[in-house]
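K.L.:
Supplied in structure tokens, the structure appears directly below.
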Amino acid sequence: MNCSKIKDVLSAFIDGETDSSTNATVQAHLLRCPECRAERDRIEKIGARLRNLPPLTAPSDFEYRIYADIRNRVSSVHSRNRLNWRTVFVPAAAMMVGIIIGSIQLRSPAEIAGGGAGQSMARNLISMSPVTTDSEGLREYTIDTYIPGYSTPVTVDAIPDENEMVQPDRNRSGQSGNYASSQVNRYVLDQVPMRVGYERTIY
Amino acid sequence: MITSDDELMCRFQKGDETAFRRLLERYQDRIINFVFRMLGDEDTAMDIAQEVFVKIYLNAGRYLPGSRFAPWLYRIASNLAINEIRRRKRWRFISIDESASSDDRNYSFELADESATGADEVLLQKEASDSIEKAMTKIPVKYRAPLVLREIEGYDYDEISQILNIPRGTVKSRLNRGRALLKTALYRVNPALKTAAL
Ligand SMILES: [Zn+2]
């Protein structure tokens with residue numbers, strides 16, 4: 001191979017992506033050709049310069065921003081597929097009690113959903129999980145729902161006002177079976193500012 | 001033991017939110033840097049990287065269990081970065097030409113920076129960094145993407161071919177051409193590197 005042919009394969013050679021016979025040819029050429037050696041060194045040097053560039057690191061609120069973004073999109077999808085919140089609210093509220101307790105105990109969403117509240121819609125709530133805790137310590141949750149007949153994402157409507165929120169009393173949590181717990185914590189529930197849900201594809 | 005990406009994705013598909021967070025933690029810096037090297041602009045890179053993970057979250061159902069997560073992730077990232085570059089091109093008349101029809105030699109390079117005289121080593125290094133960053137933005141994105149994936153991310157040709165959805169032979173030729181273009185761009189941005197660097 002002449003120099004120009006060598007230069008065509010030099011890049012792949014440096015990357016270890018040439019076959020053994022090409023490797024042997026290039027190696028032999030490099031031994032006797034200072035110009036191609038210099039070219040190889042330049043390529044390697046530029047690669048090293050790229051690798052040595054000072055890296056960026058994620059800002060501390062990167063995760064928060066991602067979840068906020070997800071929440072906004074889910075909410076905006078919701079506005080196009082609005083359900084009457086009351087149709088969803090009651091079973092959802094019953095489930096919320098479970099979520100709150102579940103989150104305190106860090107139970108898996110599947111476990112929580114598995115112990116479903118047994119209400120008409122509740123069987124359609126297949127999983128739920130806390131999303132994030134924002135800077136003020138307010139908890140937000142997604143409620144992943146599967147509601148037959150809706151192929152697009154649906155949202156369990158944001159509760160318009162805390163006062164309308166079903167408060168967690170012991171009886172209610174008792175009804176929801178598995179969630180009965182002495183850890184029902186009204187304080188936490190009172191801080192839930194909104195709840196969103198969307199349909200997740202069932203695999 | 002380290003949980004594999006695939007296992008975390010599968011767990012996330014089943015509703016385990018912490019699995020997503022672990023993937024995020026594992027890849028956030030790499031994706032931010034990948035996008036940053038593609039775009040050369042920190043703020044936009046953060047926004048695009050954010051978008052990448054939002055897409056992963058919302059499209060988790062499209063991930064095929066048992067397949068490799070990282071190439072899928074980088075593919076989303078490179079698509080978004082390329083879209084961003086195209087979007088900018090529509091907004092500004094900048095010549096980071098990446099259309100297949102154009103001649104590679106048509107780029108309008110900026111005037112070379114004044115090279116430092118009598119600068120100390122640290123300053124020279126800083127300048128070299130700035131120069132290569134600048135040079136990267138001068139070459140077409142179709143060459144930039146494989147260069148970043150190869151030189152910074154360390155992917156092999158088959159992986160790059162998967163990520164960018166181009167044949168392996170094209171990866172090879174774009175890396176070859178991309179390196180030549182980057183070298184030319186670098187020496188134009190900072191001629192001092194031509195002799196000093198080697
Ligand atoms: Zn030679």
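The values are calculated or read from the model by the stated rules, or taken from the named source; none is laboratory data. Every value quoted in this text rests on a predicted model; they were computed, and no experiment measured them. Note that we place each Cβ from the backbone using ideal geometry, even for glycine, and neighbour counts take in every protein chain shown. Calculation scope for accessible area: heavy atoms of the full protein, side chains included, ligands and nucleic acids excluded. Shrake-Rupley method; radii C 1.70, N 1.55, O 1.52, S 1.80 Å.
K.L.:
Can you find a residue that is closer than 19 Å to B:Gly169 by Cα, out of contact with any Cys (no Cβ under 8 Å at 6 or more places or on another chain) and more than 16 Å from the ligand (Cβ to nearest atom) anywhere in region A:39-47? Walk me through it before giving the result.
P.N.:
Initial filter on region A:39-47 (closer than 19 Å to B:Gly169 by Cα): none.
No.
K.L.:
Also: How many residues are at the interface with another protein chain (Cβ under 9 Å from one of its Cβ atoms) and open to solvent by 20 Å² or more (accessible area, probe 1.4 Å) when one looks only at region B:127-150?
P.N.:
3
K.L.:
Right, something else. Would you point out which residue out of A:Ser20, A:Ser11, A:Ser4 is among the polar types (S, T, N, Q), near the ligand (Cβ under 9 Å from one of its atoms) and at negative phi?
P.N.:
A:Ser4
K.L.:
Scan region A:23-37 for residues that are exposed (fewer than 13 other Cβ atoms within 10 Å of the Cβ) and more than 9 Å from the ligand (Cβ to nearest atom) and jot them down.
P.N.:
A:Ala24, A:Gln27, A:Ala28, A:Leu31, listed by residue number.
K.L.:
Would you mention how many residues in region B:21-59 are facing another protein chain (nearest Cβ under 7 Å), over 15 Å from B:Leu80 (Cβ atoms) and crowded, with 18+ Cβ neighbours inside 10 Å?
P.N.:
Residues meeting the conditions: 1.
K.L.:
Residues of region A:48-74 being over 17 Å from the mean Cα position of the chain (by Cα) and open to solvent by 70 Å² or more (accessible area, probe 1.4 Å), which ones?
P.N.:
Those that are over 17 Å from the mean Cα position of the chain (by Cα) and open to solvent by 70 Å² or more (accessible area, probe 1.4 Å): A:Arg51, A:Asn52, A:Pro54, A:Pro55, A:Thr57.
K.L.:
Oh, and also: Consider region B:1-20. How many of its residues are in contact (Cβ under 8 Å) with a residue 40 or more places away in the chain, open to solvent by less than 10 Å² (accessible area, probe 1.4 Å) and within 11 Å of chain A (Cβ to nearest Cβ)?
P.N.:
Residues flagged as in contact (Cβ under 8 Å) with a residue 40 or more places away in the chain, open to solvent by less than 10 Å² (accessible area, probe 1.4 Å) and within 11 Å of chain A (Cβ to nearest Cβ) within region B:1-20 amount to 2.
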